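Have a look at the structure below, then the notes.
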Amino acid sequence: MTIPAAPPFDLHTRADPRLAGWRSAVGVPLADDAAITNGAAPSGLLLILAWNVWIGRGKLDQLIPQLRAEHPLHLVVLAQEAYRRDDTIPRDATAYAASDFSQRAFPEHDIATVARELGLHLRYAPSMRNGAHRSDRGNAILSTLPLEDTMAWELPFSYQRRVALAATVRLPDGRGLRVCSAHLDPRGGSARDLLGVLGRGAQAQAVLERLGETPDVPVLLGADLNLARGRRERAFRVFAEAGFRHGVPERPPEWAHTYHRMPRLLLDWVLVRDPAGLIAGLDIRRVDEEPLDRGPYVYGSDHHPLLARIHFASMEAGSR
């Protein structure tokens with residue numbers, strides 16, 4: 001079955017010549033809707049998978065079917081460092097590209113191919129080119145449910161070009177959930193901000209401002225925040241002061257790290273803002289491939305996935 005291409009979505013750019021150079025080296029944003037209809041699932045429940053897939057090396061094609069077999073619910077994936085290779089990417093490389101890319105013995109999983117093979121709706125916004133290789137990486141949203149009102153926007157430049165991506169997931173009962181995938185810089189671009197604390201703070205503020213106020217729609221953020229100083233950092237406090245919480249009811253993570261290599265750091269977060277109390281419960285857990293958290297990678301990535309299970313309040317309770 002062939003379906004029309006999904007409508008393009010807005011990319012909000014910034015008037016910064018450094019960003020313009022990086023922007024010229026990547027392909028176009030991608031919107032593709034699944035040709036198959038995903039089956040029915042229990043009402044009022046939703047799974048969210050948030051994961052930095054390490055330039056496409058994370059095995060989404062293995063983990064997603066495994067999770068769906070264990071949890072027969074609708075699923076939304078918020079991916080960072082998703083990998084894409086197609087003809088929209090300029091043939092010739094420029095100086096505006098990430099320098100940390102080298103092809104390894106194990107494959108990079110093209111995000112469009114993964115979505116197509118698994119029958120998922122896809123939105124993808126590239127952030128940067130992968131060195132001289134004709135490919136790029138960025139944030140992606142994959143979903144068993146249709147995606148509406150997609151928007152991408154550039155964040156203030158610090159070390160590399162960063163583009164956040166948001167869309168609304170429409171549940172079968174008509175309720176909506178705004179979801180956002182974001183990835184902040186790991187370090188700064190100057191001696192004044194070597195660790196990137198100032199840059200990440202400005203980028204977090206830009207994510208928050210573009211998401212805007214949504215009093216009647218919960219907002220869920222799945223992000224690699226790259227917090228060098230943990231929750232003390234301004235980037236985290238920006239979200240916390242705007243009402244974003246870890247879990248419903250709120251509780252701190254039970255894990256000490258999400259970055260699997262050394263030094264092991266707590267970089268990845270699932271945060272929710274729900275001023276109307278439409279979410280009755282949000283449980284978040286870290287996904288481990290090995291029971292004792294051993295091995296060099298986690299399903300091919302250097303980051304652990306985070307899996308969130310949302311229990312929406314009943315329609316009657318939500319309308320009070």
Inset, instruction - Would you be able to tell me the number of residues in the stretch 101-113 that are in contact (Cβ under 8 Å) with a residue 24 or more places away in the chain and surrounded by 13 or more Cβ atoms within 10 Å (Cβ to Cβ)? - result: 6
Inset, instruction - Residue by residue through the stretch 282-292, note down the ones that are within 27 Å of F244 (Cβ to Cβ) and of a type outside the set (A, V, I, L, M). - result: D283, R285, R286, D288
Inset, instruction - Residues being modelled with pLDDT of 95 or more, more than 24 Å from A308 (Cβ to Cβ) and aliphatic (A, V, I, L, M): count how many of those fall in the stretch 171-205. - result: 3
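Each row is one residue, and each column tells you yes or no for (1) open to solvent by less than 40 Å² (accessible area, probe 1.4 Å); (2) touching a Pro at 6+ places or on another chain (Cβ under 7 Å); (3) at negative phi.
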| site | (1), (2), (3) |
| --- | --- |
| R68 | no, no, yes |
| V77 | yes, no, yes |
| A82 | yes, no, yes |
| D86 | no, no, yes |
| S99 | no, no, yes |
| R116 | no, no, yes |
| G119 | yes, no, no |
Inset, instruction - Filter the stretch 216-262 down to residues that are within 17 Å of S158 (Cβ to Cβ) and small (G, A, S) and give me whichever is surrounded by the fewest Cβ atoms within 10 Å (Cβ to Cβ). - result: A228
Legend entry - Criterion: farther than 16 Å from P305 by Cβ, open to solvent by 70 Å² or more (accessible area, probe 1.4 Å) and assigned to a loop (DSSP other than H, G, I, E, B) - qualifying residue of P90, P72: P72
Legend entry - Selected residue (criterion: surrounded by the fewest Cβ atoms within 10 Å (Cβ to Cβ)) from residues of the stretch 22-43 that are more than 19 Å from L147 (Cβ to Cβ) and modelled with pLDDT of 95 or more: S24
Inset, instruction - Just name the residue that is farthest from S43 (Cα to Cα) out of those in the stretch 281-296 that are open to solvent by 60 Å² or more (accessible area, probe 1.4 Å) and modelled with pLDDT of 95 or more. - result: E289
Inset, instruction - Could you pull out the residue among R200, R170, R162, R129 that is closer than 24 Å to R264 by Cβ, more than 15 Å from the chain's Cα centre (by Cα) and among the basic types (K, R)? - result: R200
Inset, instruction - Check off (1) of a type outside the set (G, A, S); (2) at pLDDT below 95; (3) touching a helix residue (DSSP H, G or I) at 6+ places or on another chain (Cβ under 7 Å); (4) within 22 Å of V270 (Cβ to Cβ) for I64 and give me the number that stays unchecked. - result: (2)
Inset, instruction - Please state which of the following conditions A276 fails to meet, knowing it meets all the rest: (1) aliphatic (A, V, I, L, M); (2) touching an Asp or Glu at 6+ places or on another chain (Cβ under 9 Å); (3) open to solvent by less than 30 Å² (accessible area, probe 1.4 Å); (4) in contact (Cβ under 8 Å) with a residue 60 or more places away in the chain. - result: (3)
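The values are calculated or read from the model by the stated rules, or taken from the named source; none is laboratory data. The model shown is predicted, which means the values in this text are computed figures rather than measured ones. Reconstructed Cβ throughout: ideal geometry from the backbone, glycine too, with neighbour counts over all protein chains shown. We work out accessible area using only protein heavy atoms, side chains counted, and drop any ligands, DNA or RNA first. Shrake-Rupley method; radii C 1.70, N 1.55, O 1.52, S 1.80 Å.
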